[in-house]
Amino acid sequence: MSAIWGMIHKDTNIAESTVSAMQHSMKDFKIDYYHSILRDSVYVACGVQHFTKMSKTEQLPLYDQSNDTYFTADCVLTNRDDVIQLLSTAYPEHELTTLGDSELSYKAYLQFGETFVTHLRGSFSFAFYLAAKKELLLYADHFARRYLAYSLCDDKVCFSTAYQPLLAVLAPTERKLNRQWIASAYTNCTADTIKLHGATVYENIFQVEPGQYIKIHTDTHRVEKYTYWNPLTGLQKLNLASDEEYRARFLSTFQKAVTDLLCVEGEVGIMLSGGLDSSSVAAFAASELQRRNRKLYSYTAVPCKDYNAQNTRTHIENETSFILAQQQMYPNLSPQFIGSDKKNAFTAMDAHAACYMEPVKPILNMVNTHGMMEQASHDGCRLMLSGQNGNATISYGSIRTYIYQKLKRFRFRDAYREFRCFCNMHRVSKKYFIKVFFKTWREAHLDKYKLGEDCFLKQEHIRTYHVEAQERKLLKQRGSGWMDSERQRNGFGFMPLVYQHMGFFDTMGSLRYGILSVDPTLTKEMVELCLSLPIDCYVKNGKERRAIRDYMKGYVPDVILDNFAGRGVQAADFAFRVNRDWDSIKDEVFTLLNNPKLLEYLDKQKLEKLIDELKQKEYRLEKTDVAKAAVIASLSAFLNQVENGE
């Protein structure tokens, strides 16, 4: 695995000072070693991180004199054996087995041409410069798990895993911020960031999207985009003879998805909550690692010690008991409970801005995610599993979606049966359920989206960039998971914009801590399978999220599978921490919120109102208050970084 970067200059040779600037910009990341090729107007580089045994012998980047091609790669394959078998008709198998994953990928390119990537699985990004044709090919994996950005200027084309090498060589006029990107990102104060396909916070920097590759003609800067995978193209529902067959297909596909990812050297960790998704990933991972006589290190964020966590019928703020229940089933599970007691949402905000070089909207979870990654790095982990995409795949399934889809297809008997089963199972009155059902239907399909109180955008930007229309379009495309049409279910199951967001933060976390982040619920085979399953696999006998609850019986403790009411609350104590530390952080908070640079993008009166509310409620700030303040402050910290040129 590597961080990759490079430049192709149109007119002149690339100076050594440019090479030094790009490499030096990566100094704060956990890189094992650097290697590069500089020839006249072409520069390609790798900052190598060793995750697999074979990566230690790879020579990257490479120059193939036979076809005048430069190649650099950021790659861990999960179907390495399949690729070797596929290539064995053209190359000696004993030669292929000695190659690293990136070198195998290059052999696949030579064998199959530009569409070689359809034969690969895993986390990867590639850059090929075909010097004779003056073409730069940039590839992202199926879900852009490894981020890859590029910039186009008058005299050069640059690419990089991280923004830092690009910003190190772009002139100030080439690093202008993208106002539309900021406006679309800040329609609210949730963690959700990416709303524009292929765009970034910088006007002149773009990203390669999931399942795509691009071809840049470096002499003219013409860009061609190609989609090599989209699971919604030609999607067909799976039609098996029995539920037992669906269960067998689900388990075999999911188990293989987990096992295939366990290919790294070093220890394996997992971000583990008491929820269905990560618990299911942990079950298969622990089982396979036990077979190899190895541990699975789990990392669970828990509230700080002085917070009085409350577990109720609907909300679970401390999930320790669920982790311990899973440890009883899998003794090789080694739990670590991460409290990060002395930190809060405003801790290290400048450091986050310097690392990511974009506004860090998921700032509320940074205390937890970085606390877990820090501990995992200390424990020697080189792989971090999660189940963060599970709601869209393995644990999909709402009773309201089921009934809505059945009614649309005139399957009234099925709809009524599940309606009755659900009400009986959960002791919900039929009258109340009908009321909630029609309220959800109205909100999902009749009411127009309107910006909420957590939107701080200027009115002129709201109009100019049509942000309300944009949000309505996204909701129409991918629903909410609560009451989706079949089309919305498909859009919820394949969300390239969400993958761009997750891939960016996971890639940067990987560079920061030397740990590869992967999600077995987000693989090509799992997404294709879950999209093909009929809705009856996801809701049955009144049971929501039913595929994972029933099919994982015997693998995950019943106390987790049968928990229908309570859901884990992420960072439940984030407001408490800020109130606790208010005396020591309030000056910093108000300095960030009073930053005049914010007024370029946000409404002055809305900001002043927020500041007044914080002053009136200090020490008694509610979660909504802290969320608004932290998300806006993260934008302010980023704008300071940009101005300082750091």
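Key figures for this structure:
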quantity: So K609, is it within 23 Å of F574 (Cα to Cα) and basic (K, R); calculated: yes
quantity: Scan of the stretch 443-467 for residues that are in a helix (DSSP H, G or I) and either in contact with a Gly (Cβ under 8 Å, 6 or more places away or on another chain) or within 23 Å of K606 (Cβ to Cβ) (or both), ordered by number; calculated: A444, Q459, E460, H461, I462, R463, T464, V467
quantity: Looking only at the stretch 454-467, and only at residues there that are open to solvent by 40 Å² or more (accessible area, probe 1.4 Å) and touching a residue at least 40 places away in the same chain (Cβ under 8 Å), the one that is nearest to the chain's Cα centre (by Cα); calculated: D454
quantity: Per-region count, the stretch 101-122, residues under 23 Å from P520 (Cβ atoms) and open to solvent by 20 Å² or more (accessible area, probe 1.4 Å); calculated: 4
quantity: Residue that is among the hydroxyl-bearing types (S, T, Y) and assigned to a strand (DSSP E or B), where the choices are Y106, Y70; calculated: Y70
quantity: So Y538, is it hydroxyl-bearing (S, T, Y) and open to solvent by less than 10 Å² (accessible area, probe 1.4 Å); calculated: yes
quantity: From the options S125, S160, S151, residue that is modelled with pLDDT of 95 or more, open to solvent by less than 20 Å² (accessible area, probe 1.4 Å), closer than 21 Å to Y228 by Cβ and of a type in the set (S, T, N, Q); calculated: S125
quantity: Number of the condition not met by F419 [criteria: (1) assigned to a loop (DSSP other than H, G, I, E, B); (2) surrounded by 14 or more Cβ atoms within 10 Å (Cβ to Cβ); (3) not β-branched (V, I, T)]; calculated: (1)
quantity: Conditions (1) open to solvent by less than 30 Å² (accessible area, probe 1.4 Å); (2) in contact with a strand residue (DSSP E or B) (Cβ under 9 Å, 6 or more places away or on another chain); (3) in contact (Cβ under 8 Å) with a residue 40 or more places away in the chain; number of the one not met by F206; calculated: (1)
quantity: Top-ranked residue of the stretch 262-313 - restricted to ones that are closer than 22 Å to I560 by Cβ and charged (D, E, K, R), ranked as surrounded by the most Cβ atoms within 10 Å (Cβ to Cβ); calculated: D277
quantity: Residue, surrounded by the fewest Cβ atoms within 10 Å (Cβ to Cβ), within the stretch 541-565, restricted to residues that are aromatic (F, W, Y) and touching a helix residue (DSSP H, G or I) at 6+ places or on another chain (Cβ under 6 Å); calculated: Y555
quantity: Answer from D447, D379 - the residue that is surrounded by fewer than 20 Cβ atoms within 10 Å (Cβ to Cβ) and in contact (Cβ under 8 Å) with a residue 12 or more places away in the chain; calculated: D379
quantity: Neighbours by Cβ (under 7 Å, 6+ apart or cross-chain): first from the stretch 22-37, farther than 21 Å from A171 by Cα; second of a type in the set (F, W, Y); calculated: K30/Y513; S36/Y43; I37/Y63; I37/Y70
quantity: Options I363, I399, I338, I394: the member that is free of Cβ contacts under 8 Å to residues at least 40 places away in the same chain and either among the β-branched types (V, I, T) or touching a helix residue (DSSP H, G or I) at 6+ places or on another chain (Cβ under 7 Å) (or both); calculated: I338
quantity: Number of positions in the stretch 589-646 that are open to solvent by 80 Å² or more (accessible area, probe 1.4 Å), closer than 19 Å to A351 by Cα and either part of a loop (DSSP other than H, G, I, E, B) or polar (S, T, N, Q) (or both); calculated: 3
quantity: Residue in the stretch 491-505 that is in contact with a Ser or Thr (Cβ under 7 Å, 6 or more places away or on another chain), within 30 Å of S55 (Cα to Cα) and buried (at least 21 other Cβ atoms within 10 Å of the Cβ) present; calculated: no
quantity: Matching option when the condition is out of contact with any Ser or Thr (no Cβ under 8 Å at 6 or more places or on another chain), more than 24 Å from V367 (Cβ to Cβ) and at pLDDT below 95, among D219, D306, D243; calculated: D219
quantity: Within the stretch 402-416, considering residues that are without any contact (Cβ under 8 Å) to a residue 24 or more places away in the chain and aliphatic (A, V, I, L, M), the one most open to solvent (accessible area, probe 1.4 Å); calculated: L407
quantity: Candidates T440, T347 - the one that is in a helix (DSSP H, G or I), open to solvent by 10 Å² or more (accessible area, probe 1.4 Å) and at pLDDT below 95; calculated: T440
quantity: Residues within the stretch 422-437 that are part of a loop (DSSP other than H, G, I, E, B) and open to solvent by less than 80 Å² (accessible area, probe 1.4 Å), tallied; calculated: 2
quantity: Selection status of T52, under 25 Å from the mean Cα position of the chain (by Cα), crowded, with 19+ Cβ neighbours inside 10 Å and in a loop (DSSP other than H, G, I, E, B); calculated: yes
quantity: Positions within the stretch 560-588 being of a type outside the set (F, W, Y), assigned to a helix (DSSP H, G or I) and within 28 Å of the chain's Cα centre (by Cα), in sequence order; calculated: I560, L561, A575, R577, V578
quantity: Total residues in the stretch 174-191, condition open to solvent by 50 Å² or more (accessible area, probe 1.4 Å) and in a loop (DSSP other than H, G, I, E, B); calculated: 3
quantity: Tabulated pairs, the stretch 92-114, first at pLDDT 95 or above and small (G, A, S), second open to solvent by less than 60 Å² (accessible area, probe 1.4 Å) and in a helix (DSSP H, G or I), C-beta under 7 angstrom, 6+ apart or interchain; calculated: A108/V83; A108/L87; A108/F116
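Let's see how each residue does on (1) touching an Asp or Glu at 6+ places or on another chain (Cβ under 6 Å); (2) at pLDDT below 95; (3) more than 30 Å from E265 (Cα to Cα):
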residue: K448; (1), (2), (3): no, yes, yes
residue: E453; (1), (2), (3): no, yes, yes
residue: T464; (1), (2), (3): no, no, yes
residue: Q500; (1), (2), (3): no, no, no
residue: F504; (1), (2), (3): no, no, no
residue: S510; (1), (2), (3): no, yes, no
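Per-residue answers, yes or no, for (1) among the aromatic types (F, W, Y); (2) open to solvent by 10 Å² or more (accessible area, probe 1.4 Å):
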| residue | (1), (2) |
| --- | --- |
| P172 | no, yes |
| V201 | no, no |
| Y213 | yes, yes |
| E224 | no, yes |
| G234 | no, yes |
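The values are calculated or read from the model by the stated rules, or taken from the named source; none is laboratory data. Nothing here was measured: the structure is a model prediction, and the numbers come from that model. In this analysis, Cβ positions are derived from the backbone assuming ideal geometry, glycine residues included, and neighbour counts consider all displayed protein chains. Remember, those area values only see protein heavy atoms, side chains included, never the ligands or the DNA or RNA. Shrake-Rupley method; radii C 1.70, N 1.55, O 1.52, S 1.80 Å.
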